[in-house]
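Okay, structure first, notes after.
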Amino acid sequence: MNKKIIILFSIIFSFFVLSCNNSSDAYTSASQIPEEVKESRGLSNYIGDWNVKFANNDSFVIKINSEDDIVYNNLKVSSIKDLGNDNYKITIEADKVFSSVLKFKSNKDGTIEDDNSGIGIISKK
């Protein structure tokens, strides 16, 4: 009789464990839902000089002259890719090739993620 009770509880426990591991979409947390990619407004909305500052106190200027003409710390940007949501990946070819992602929050400020310096802030001059 004890063996039957133990087996019955083992089976019930197994079903309970399996049901708790449910990966149904109805239980997806908000942090797992990807952000909708919206069309960017275009770099022409951000033309001008932008101050760049990183946590390590590195700072310089990015000049956005047009949709396809950006100067990064006195270096001409070799390619620009629109990532959507007003985020732009720029590639710079100097002693070595590196890239940065400009993330505009408004036409006055945003953030930068740079291969060399990490994460910083950008603000319009």
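Here are a few things to note about the model shown:
- Of the strands (runs of 3 or more DSSP E) lying entirely inside the stretch 34-125, the ones with 2 or more residues being without any contact (Cβ under 8 Å) to a residue 24 or more places away in the chain are found at 59-66, 69-72, 75-84, 87-93, 97-104, 109-114.
- Any hit, the stretch 27-47, residues being surrounded by 13 or more Cβ atoms within 10 Å (Cβ to Cβ) and modelled with pLDDT of 95 or more: yes
- Condition met for Asp68 (under 14 Å from Asp115 (Cα atoms) and either of a type outside the set (Gly, Ala, Ser) or out of contact with any Lys or Arg (no Cβ under 9 Å at 6 or more places or on another chain) (or both)): no
- Condition met for Ser59 (within 30 Å of Gly110 (Cβ to Cβ), open to solvent by 60 Å² or more (accessible area, probe 1.4 Å) and at pLDDT below 60): no
- Checking Lys108, Lys89 one by one, the residue that is basic (Lys, Arg) and touching a Leu at 6+ places or on another chain (Cβ under 9 Å) is Lys89 and no other.
- Scanning the stretch 101-121 for residues that are of a type outside the set (Asp, Glu), within 19 Å of Ser79 (Cβ to Cβ) and modelled with pLDDT of 95 or more turns up Val101, Leu102, Lys103, Phe104, Ile112.
- Subset tally (residues that are among the charged types (D, E, K, R) and under 15 Å from Ile119 (Cα atoms)) for the stretch 71-93: 1
The values are calculated or read from the model by the stated rules, or taken from the named source; none is laboratory data. Note that the coordinates shown come from a computational prediction; the quantities given were computed from them, not determined experimentally. When we count neighbours, we look across all protein chains shown, and the Cβ atoms used for this are built from the backbone with ideal geometry, even at glycine. Only protein heavy atoms, including side chains, enter the accessible area calculation; ligands, DNA and RNA are left aside. Shrake-Rupley method; radii C 1.70, N 1.55, O 1.52, S 1.80 Å.
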